[in-house]
Amino acid sequence: MLQNNGQIAIEFTTIPIFSALNKAQFHTVLSTATKIDLVAGGVLFRQGQHANHFYFVHDGQMRLSRLAEDGSEKVMDIVHTGQMFAEAVMFMPNRCYPVNAAAIQPSHLVAFDMETFRNILKESVDTCFRLMSTMSQRLHVQLNEIDSLSLHNATYRLAHYLLKSVPENSAGQTEFTLGYPKNILASRLSIQPETFSRIMARLKRENIVVVQGNQIVFHDIPALRKLLSE
């Protein structure tokens, strides 16, 4: 139980799904919270497993993925420190996780009981409407991301991702550390590994970036931005 851990509790108050709750409701949900520690590669849950909890990443990174019919893995999302995941599952008819969840690196999570949260919503129409507003805003963000993945080519998707790490209006040399393996990033951006390698080779050949392991140095940010118009 985490009710006595004030520092962690304060972190939760900034999470959209909890912003819909009043103080009493928030502490009711917090009373069900438990800590979970995972090693790198540790599996939290599997696709199709019955869902009882949703999760907050206190520290670490989680990979959410689905298996295709041919057995290949498609990374649906990468969840970072300070983010919540699996909360929407509590509203699904069958309450089963639609993805696999595994730790990319050692990760410390907080699990919340879905049934407790659902009972709070059943007792308060006002809370339901506040939550619907919050989740609608998140849906809008996700739809924009789907547009980016489906309406643009692989070069655009990778350039767009890299530019999100660059300060606005920056034109000078900037460094960026990729927090997870390149194959996971390629899958997240719906880019085949060989295509991802070709694009990165082009960026290096044209001296737009220099790659050293997971460290990426941007040498020509204007040229990287220009790729968005190709």
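The values are calculated or read from the model by the stated rules, or taken from the named source; none is laboratory data. A quick note: this is a predicted structure, and the numbers were derived from the prediction, not measured. In this analysis, Cβ positions are derived from the backbone assuming ideal geometry, glycine residues included, and neighbour counts consider all displayed protein chains.
Okay, residues lined up against (1) at pLDDT below 90; (2) farther than 29 Å from Asn100 by Cβ; (3) exposed (fewer than 13 other Cβ atoms within 10 Å of the Cβ):
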position	(1), (2), (3)
Leu189	yes, no, no
Gln192	yes, no, yes
Arg205	no, yes, yes
Phe218	yes, yes, no
Answer yes if at least one residue in the stretch 6-19 is farther than 20 Å from Arg130 by Cβ and in contact with a Ser or Thr (Cβ under 7 Å, 6 or more places away or on another chain), and no otherwise.
-> no
Restricting attention to the stretch 220-230, and to residues there that are in contact (Cβ under 8 Å) with a residue 40 or more places away in the chain and surrounded by 14 or more Cβ atoms within 10 Å (Cβ to Cβ), which single residue is farthest from Phe176 (Cα to Cα)?
-> Leu227
Which numbered condition Asp126 fails, given (1) under 16 Å from the mean Cα position of the chain (by Cα); (2) at pLDDT 85 or above; (3) in a helix (DSSP H, G or I); (4) more than 22 Å from His58 (Cα to Cα) = (1)
First in the stretch 73-102 and outside the structural domain of Tyr180 (by TED's automatic domain parsing) and surrounded by 19 or more Cβ atoms within 10 Å (Cβ to Cβ), second anywhere and among the charged types (D, E, K, R) and assigned to a loop (DSSP other than H, G, I, E, B), Cβ under 6 Å, 6 or more apart | Asn100/Arg46
Ala101 vs (1) more than 20 Å from Leu189 (Cα to Cα); (2) out of contact with any Pro (no Cβ under 6 Å at 6 or more places or on another chain): all pass except (1)
Which of (1) free of Cβ contacts under 8 Å to residues at least 60 places away in the same chain; (2) under 30 Å from Ser190 (Cβ atoms) does Ile17 not meet, given it meets every other one?
-> (1)
Would a scan of the stretch 170-178 turn up a residue that is outside the structural domain of Ala68 (by TED's automatic domain parsing) and without any contact (Cβ under 8 Å) to a residue 24 or more places away in the chain?
-> no
